[in-house]
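Trainee: I have a structure I would like to understand better, so I am pasting it below and will then ask my questions one at a time.
The values are calculated or read from the model by the stated rules, or taken from the named source; none is laboratory data. Here the structure is a predicted model, which means the values were calculated and not measured. Heads up, the Cβs are rebuilt from the backbone with ideal geometry, glycines too, and the neighbour counts pull from every protein chain shown. Heavy atoms of the whole protein, side chains included, go into the accessibility calculation; ligands, DNA and RNA do not. Shrake-Rupley method; radii C 1.70, N 1.55, O 1.52, S 1.80 Å.
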Amino acid sequence: MASEKVTACCQALIEKNMTISFAESASAGKMCYEFSTVVNSGKILIGGIVCYHSSMKEDLLHIPWGTIEHYSAESAEVTKLMAQNFCRYINSDICVGLTGLTTPGGSESDSKPVGTIFIHIIFAEKEIAKRFEFKGTPEGIINQAIDVVADLILKEI
């Protein structure tokens, strides 16, 4: 069952006749799933793509070769490109990109600990880029990130 924030976001999107799509890495499709569980989500949810491995980001979302090696797969730069490139192929009013670290490994460092999540949201006239550091289990980190995405969208629309 979707959180109250996701439900409120979906209801607002339905009222405004707006659509949404997702380019997900760390959340591995859970964000799209959460939005799909709200009543009448078919009116707003276009769909999403899960690009967890770097090769998927490069091959399907056309992240330029060398970008991931330079910035890391979990970075603001890659998240922005994921959202922007996915948005070119999907006709939706809002496109959300999300990457991050939910478990040890990857590009984890002192300056980018586990729990670091990058979000990039594209609206018709504006883009929002945010970095967050959440605490908790991998699922808890993702759930917090999904709620933050819903909040950011609600504040914009």
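Trainee: Keeping to region 19-36, report how many residues are open to solvent by less than 40 Å² (accessible area, probe 1.4 Å) and farther than 19 Å from Gly100 by Cα. Even if it seems obvious, please write down each step before you answer.
Mentor: Going through region 19-36, the residues open to solvent by less than 40 Å² (accessible area, probe 1.4 Å) turn out to be 19-27, 29, 31-32, 34-35.
Among the residues that remain, those that are also farther than 19 Å from Gly100 by Cα are: 19-20, 35.
Qualifying residue count for the region: 3.
Trainee: Only one of these is within 25 Å of Thr137 (Cα to Cα) and either within 16 Å of the chain's Cα centre (by Cα) or not aliphatic (A, V, I, L, M) (or both): Ala23, Ala83. Name it. Break it down into steps so the answer makes sense when it comes.
Mentor: Values: Ala83 fails: within 25 Å of Thr137 (Cα to Cα).
Ala23 is the lone residue from the list that is within 25 Å of Thr137 (Cα to Cα) and either within 16 Å of the chain's Cα centre (by Cα) or not aliphatic (A, V, I, L, M) (or both).
Yes or no, residue by residue, for (1) small (Gly, Ala, Ser); (2) touching a His at 6+ places or on another chain (Cβ under 9 Å):
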| position | (1), (2) |
| --- | --- |
| Thr116 | no, no |
| His120 | no, no |
| Ala124 | yes, no |
| Ile128 | no, yes |
| Val148 | no, no |
| Ile153 | no, no |
| Ile157 | no, no |
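Trainee: If you go through region 37-54 one residue at a time, do you hit one that is assigned to a helix (DSSP H, G or I), touching a helix residue (DSSP H, G or I) at 6+ places or on another chain (Cβ under 9 Å) and closer than 21 Å to Thr102 by Cβ? So that I can check it myself, show each step before the final result.
Mentor: Taking region 37-54 and keeping what is assigned to a helix (DSSP H, G or I), we get 41-43, 54.
Keeping just the survivors that are touching a helix residue (DSSP H, G or I) at 6+ places or on another chain (Cβ under 9 Å) gives 41-43, 54.
Now drop any that are not closer than 21 Å to Thr102 by Cβ, which leaves 54.
Yes.
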